[in-house]
Amino acid sequence: MDHRNLQVLDHPLIRHKLTLLRNKNTTHKDFRQLAEELAGLMTYEVSRNMRTKSCPIETPLEPYDGQELENEVTIVPVLRAGLVMAQGMLDMIPHAKVGHIGLFRDENTLLPVQYYCKLPESIGESDVFVVDPMLATGGSASKAIALVKERHPRSISFCCLIAAPEGIEVLQREHPDVKIVTLEIDRRLNENGYILPGLGDAGDRIYGTK
Ligand code: PRP
Ligand code: URA
């Protein structure tokens, strides 16, 4: 596999929580919490190269030449499942703006169908994180990234919890300038486009809809 622009985050806490997340016996309440926590842990790594600028303040004792994030940050969850990841990231970057992209996969064609797109007006000034727990065929992620690109942000990263090799290949081909960050790369897709071993349908597991 081509690892250009691809980062796999490996950490004992991530391995532990991801195993709990994949377990079919995990309730949707715990699933939501784990997905949020994993996105929070991810934020620590994906924000590593963000630029900071001088921010002089006064401590109660003396002046201090502090630092603050230089660029605006926008988190763009792909509905529905991306919403829990967005919350986990917002816990770490509470001043971030949030855009929403609504897509669902047509069951037969596996192609993404768009039903919503609302992005912050100032997204052109932002480092953008498009978030969705699952990168399967790559159709949804590629479409979401294309919608964000129309607004010319400073940078775009795609963050997911689990990626299939097929989806990674599609994103690397269609958006070679976008960094992909995942927690694990799984084996392959099954005949219905589900990731193996995966975790099932992320949206249904988060919201208890099936
Ligand atoms: C899931 C997932 C991704 C998409 C990934 O969403 O959250 O958005 O499938 O599949 P792809 O890489 O093959 O496009 P789904 O379409 O099930 O919608 P939902 O979140 O509303 O359940
Ligand atoms: N969407 C999901 O939620 N899970 C998969 O395995 C593939 C697409």
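Cβ-Cβ below 6 Å, separation at least six or inter-chain, first residue in region 134-152 and more than 21 Å from Asp186 (Cβ to Cβ), second away from ligand 2 (no atom under 14 Å from the Cβ) and open to solvent by 40 Å² or more (accessible area, probe 1.4 Å): which pairs?
Leu147/Cys117
Go through region 154-204 residue by residue and tally those that are out of contact with any His (no Cβ under 9 Å at 6 or more places or on another chain) and more than 15 Å from ligand 2 (Cβ to nearest atom).
Residues meeting the conditions: 15.
Can you pull out the residues in region 81-106 that are touching a residue at least 40 places away in the same chain (Cβ under 8 Å) and charged (D, E, K, R)?
Asp91, Arg105 - these are the residues of region 81-106 that are touching a residue at least 40 places away in the same chain (Cβ under 8 Å) and charged (D, E, K, R).
Restricted to region 42-69, and to residues that are touching a residue at least 40 places away in the same chain (Cβ under 8 Å) and under 23 Å from Ile162 (Cβ atoms), which residue is surrounded by the fewest Cβ atoms within 10 Å (Cβ to Cβ)?
Checking each candidate, the answer is Tyr44.
Answer with yes or no whether Gly138 is near ligand 1 (Cβ under 10 Å from one of its atoms), on the phi > 0 side of the Ramachandran plot, surrounded by 18 or more Cβ atoms within 10 Å (Cβ to Cβ) and within 16 Å of the chain's Cα centre (by Cα).
Criteria met by Gly138.
I'd like to verify a number: residues in region 168-210 that are touching a helix residue (DSSP H, G or I) at 6+ places or on another chain (Cβ under 6 Å), closer than 16 Å to Gly139 by Cα and not in a helix (DSSP H, G or I), how many?
4
Given the conditions (1) open to solvent by less than 20 Å² (accessible area, probe 1.4 Å); (2) farther than 23 Å from Ile14 by Cβ, which single one is not true for Cys159?
So Cys159 meets the others, but not (2).
The values are calculated or read from the model by the stated rules, or taken from the named source; none is laboratory data. Please read these numbers as outputs of a predicted model, since none were measured by experiment. Glycine gets a Cβ as well: all are built from the backbone with ideal geometry, and neighbour counts include every protein chain shown. Just the protein is used for accessible areas: all its heavy atoms, side chains included, with ligands, DNA and RNA removed. Shrake-Rupley method; radii C 1.70, N 1.55, O 1.52, S 1.80 Å.
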